[in-house]
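Below: one structure, written as structure tokens.
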Amino acid sequence: MQQEINDNLKKINTWKRIFFLLVFSVIVGLIRILLWAVILLQIASALFTGEPNKNILSFGKKLSAYLYHILLFLTYNTDKLPFPFEDWNLTEELELPEIKK
């Protein structure tokens, strides 16, 4: 058992993943701030125009998909690194519900 733990601690891939987990944890914090900005802008748009801003809807969907991709990586559900280490199209290809029209 002790030997297995020692072997796991010596794996470079484990330490790389831990590094990327820390990096993407910081990015999640930044995305949360952006999501709150999107939320507040949509509230303002709904109050002033009576409907959500379509440009912000698209941005919010892309940001949500990116956050989802990061969370899949952080929870070990995927080994694919999120953007900027993978193609942005991978994030956009994730299955998300359609934008409400």
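Just so it is clear, none of the values below were taken in a lab; they were calculated from the coordinates. Here the structure is a predicted model, which means the values were calculated and not measured. Cβ sites come from the backbone with ideal geometry, for glycine too, and all protein chains shown count toward neighbours.
At R0 = 35 Å, how high is the FRET efficiency between Lys62 and Met1 if r is their beta carbon distance? Nearest 0.05 is fine.
Efficiency for this residue pair is about 0.20.
By count of other Cβ within 10 Å, fewest leading, how are Ser25, Ser45 ordered?
Neighbour counts put them in this order, fewest first: Ser25, Ser45.
Considering the chain, what Rg and Dmax in Å follow from its alpha-carbon atoms?
Final numbers for Rg and Dmax: 18.1, 65 Å.
Gain in length, Leu30 to Phe48, computed as 0.36 nm per residue apart minus the alpha-carbon separation, to one decimal in nm?
Gain on extension, Leu30 to Phe48, equals 3.8 nm.
What's the longest bit of the chain with no exposed GluC sites (Glu not before Pro), using DSSP loop states and at most 12 other Cβ atoms within 10 Å as the test?
Result, exposed sites excluded: 1-92.
Please go through the residue pairs Lys10/Lys80; Lys11/Lys62; Lys16/Lys62 and name each one whose alpha carbons sit more than 29 Å apart in this structure.
Lys11/Lys62
When the Karplus curve 6.51 cos²θ - 1.76 cosθ + 1.60 is applied with θ = phi - 60°, which whole-Hz ³J(HN,Hα) does each residue of the stretch 58-69 get, with x for Gly and Pro?
After applying 6.51 cos²θ - 1.76 cosθ + 1.60, I find 5, 4, x, 5, 5, 5, 5, 5, 5, 4, 4, 4 Hz.
Cβ under 13 Å from Phe85's Cβ, Phe85 left aside: what net charge do those residues give with Lys, Arg +1 and Asp, Glu -1?
0
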